[in-house]
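Remarks on the structure that follows.
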Amino acid sequence: KFSLIILSGVCLMLAILSCSENKVTIGKKPFDSAIEQKIDSIIDLMTLEEKIGQLNQYSSTWDFTGPAPKDETNANRKANIVSGKVGSLINVFGVKAVREAQKMALDSSRLHIPMIFGTDVIHGYKTIFPIPLAEACSWDMDLIERSSRVAAIEATASGICWTFAPMVDICRDPR
């Protein structure tokens, strides 16, 4: 009987929350349904090839993340960006390089979908801090937060909006 009361309460809360007009809160950030509708309309306009292309990630040297097809050239890779078939670039350093690559995607692609730029910012960007394991051993949460904030500010100032940190490397012993 108690679980039935809890279930009824949860259902009532969900019903009340689903009646909100435009904005739903996810975590601390408000989520605008108009943005969701715009995203859905763009996805509806995309071809299957463009949708799959958004999963492509190139490195700044125009290398693939993983084995690259032998017939892929620099010109073909840039053509993929221009045609909206690349969703992200990693290891692009500097605002100028980020702007040039983003301009290629926004000005020339059919749907003008921006790319996301990422890199490893595991223990700093320009200013290097101890590795996260060493910071954790200090038990100084304020210091850990400050060092992460410095890295975030530096990476963002360089045009990076997606970082791979913190992370866990899983190694395999080949023996």
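The values are calculated or read from the model by the stated rules, or taken from the named source; none is laboratory data. The structure presented is a predicted model; accordingly, all values stated were derived computationally and were not measured. Here the Cβ positions follow ideal geometry from the backbone for every residue, glycine too, while neighbour counts run over all protein chains shown. Each accessible area value is taken on the protein alone, full model and side chains, heavy atoms only, with ligands, DNA and RNA left out. Shrake-Rupley method; radii C 1.70, N 1.55, O 1.52, S 1.80 Å.
Using R0 = 35 Å, the C-beta based FRET efficiency linking Ile52 and Phe164 works out to 0.95. With the simple spin-label model, which puts each label point 7 Å out from Cα in the Cβ direction, the Leu106 to Ala157 separation comes to 2.2 nm. The heavy atoms of Val82 present about 50 square angstrom of accessible area, all protein chains included, probe 1.4 Å.
Taken along the Cα-to-beta-carbon direction at a fixed 7 Å, the label points for Ala34 and Phe93 span 4.1 nm.
Can you pick out the pairs among Lys38/Lys85; Lys38/Lys78; Lys38/Lys126; Lys78/Lys126 whose Cα atoms lie more than 25 Å from each other?
Values: Lys38/Lys85 20 Å; Lys38/Lys78 27 Å; Lys38/Lys126 37 Å; Lys78/Lys126 28 Å.
The answer is Lys38/Lys78; Lys38/Lys126; Lys78/Lys126.
For the stretch 90-173, chymotrypsin sites (Phe, Trp or Tyr not before Pro) are listed when DSSP marks them as loop and at most 16 other Cβ atoms sit within 10 Å of their Cβ; the list is Phe93, Trp139, Phe164.
Considering only protein heavy atoms, with the full assembly of protein chains and a 1.4 angstrom probe, order Leu45, Leu106, Leu55 by accessible area, largest first. Walk me through the numbers on the way to the answer.
Details: Leu45 105, Leu106 60, Leu55 145 Å².
Per-residue accessible area, sorted high to low, gives Leu55, Leu45, Leu106.
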